[in-house]
1. Of all residues being in a strand (DSSP E or B), of a type outside the set (S, T, N, Q) and open to solvent by 60 Å² or more (accessible area, probe 1.4 Å) in the range B:59-73, which is nearest to residue B:93 (Cα to Cα)? Just the residue, please.
2. Any residue in the range B:1-21 that is more than 11 Å from every other protein chain (Cβ to nearest Cβ) sitting within a Cβ distance under 7 Å of a residue that is surrounded by 13 or more Cβ atoms within 10 Å (Cβ to Cβ) and of a type in the set (Lys, Arg)? List the pairs, counting only those 6 or more apart or interchain.
3. Among the residues of the range A:29-43, which ones are touching a residue at least 24 places away in the same chain (Cβ under 8 Å) and more than 10 Å from chain B (Cβ to nearest Cβ)?
4. Just checking, how many residues over the range B:74-91 are at the interface with chain A (Cβ under 10 Å from one of its Cβ atoms), part of a loop (DSSP other than H, G, I, E, B) and in contact with a helix residue (DSSP H, G or I) (Cβ under 9 Å, 6 or more places away or on another chain)?
5. Does the range A:74-118 hold any residues that are closer than 17 Å to residue B:25 by Cβ, open to solvent by 40 Å² or more (accessible area, probe 1.4 Å) and free of Cβ contacts under 8 Å to residues at least 40 places away in the same chain, and which are they?
6. Which of the residues belonging to the range B:33-56 are under 11 Å from the mean Cα position of the chain (by Cα), open to solvent by less than 30 Å² (accessible area, probe 1.4 Å) and of a type outside the set (Gly, Ala, Ser)?
7. Would a scan of the range B:49-66 turn up a residue that is without any contact (Cβ under 8 Å) to a residue 40 or more places away in the chain, at positive phi, within 13 Å of chain A (Cβ to nearest Cβ) and not acidic (Asp, Glu)?
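The values are calculated or read from the model by the stated rules, or taken from the named source; none is laboratory data. Not measured: the values here are computed from a predicted model. Positions of Cβ are generated from backbone atoms using ideal geometry, with glycine treated the same way; all protein chains shown enter the neighbour counts. The protein model used for the area step is the full one, side chains on, heavy atoms only, and it has no ligands, DNA or RNA in it. Shrake-Rupley method; radii C 1.70, N 1.55, O 1.52, S 1.80 Å.
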2 protein chains.
Amino acid sequence: MDWLDAVKWDRDGLVPVIAQEVGSNDVLMFAFMNREALAETAASSRAVYWSRSRRRLWRKGEESGHVQQVHEIRLDCDNDVVLLKVTQLGHEPSIACHTGRHACFFQRLDGDMWLTVEPVLKDPERIYK
Amino acid sequence: MDWLDAVKWDRDGLVPVIAQEVGSNDVLMFAFMNREALAETAASSRAVYWSRSRRRLWRKGEESGHVQQVHEIRLDCDNDVVLLKVTQLGHEPSIACHTGRHACFFQRLDGDMWLTVEPVLKDPERIYK
């Protein structure tokens, strides 16, 4: 059986993907892949997602330069979630989020408020110029 | 505004949730929450998910004893993914997966095959007895 057929694609033909940074083990971001994106990710060792808003393949870093080098591709117990172990390239310290932050999970619940608790490392206007 | 209203619930009223272990930073599992599950998680500091298969609240550990103590609740840049920082209780070393493994992401792509690369720490028949 094709390894891509082992993945349980959802009703939209997508699978959720978690990108985790090798070394820090930080969870950088969450996105989706379709079959083509996962195949290309495995073949190229560069993270390729499916952009649901733009309805096209999204080669992470294609605009920002913040490419993700993929070291490992993992699948969960139900075959319906993928975990990537990546090196986040393009900036030091690493930036995975389009807001210019290290990771996308920068809002922390504090009582009944979401507080932004991580700094912007590079102005998005300078990332997407 | 209610902090729960800041979350962008999907068309099913759910939000994807990543559970990450404090200390190791390991990604333990992925699941969904509805509004009630997230509210109870925040109030009780114990992870409560929405079981899509059973269509009911799933208080993690209710059968297995493998409860997750929640230290932090984070929200991503698009307000549509939650990250929990947890301590995985109930077994040493910690078990989050229903297969008796530490974490759910135990299948690694190796060439064109998914290999199981993490050991079973406790027989599921002994977990769910």
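1. Looking at residues that are in a strand (DSSP E or B), of a type outside the set (S, T, N, Q) and open to solvent by 60 Å² or more (accessible area, probe 1.4 Å), I get B:71.
2. Final answer for the pair search is B:9/B:35; B:13/B:35.
3. Within the range A:29-43, A:33, A:34, A:35, A:39 meet the criteria.
4. The number of residues fulfilling the criteria is 1.
5. Within the range A:74-118, A:93, A:108, A:117, A:118 qualify.
6. Within the range B:33-56, B:33, B:48, B:49 meet the criteria.
7. Taking every residue of the range B:49-66 in turn, none turns out to be without any contact (Cβ under 8 Å) to a residue 40 or more places away in the chain, at positive phi, within 13 Å of chain A (Cβ to nearest Cβ) and not acidic (Asp, Glu).
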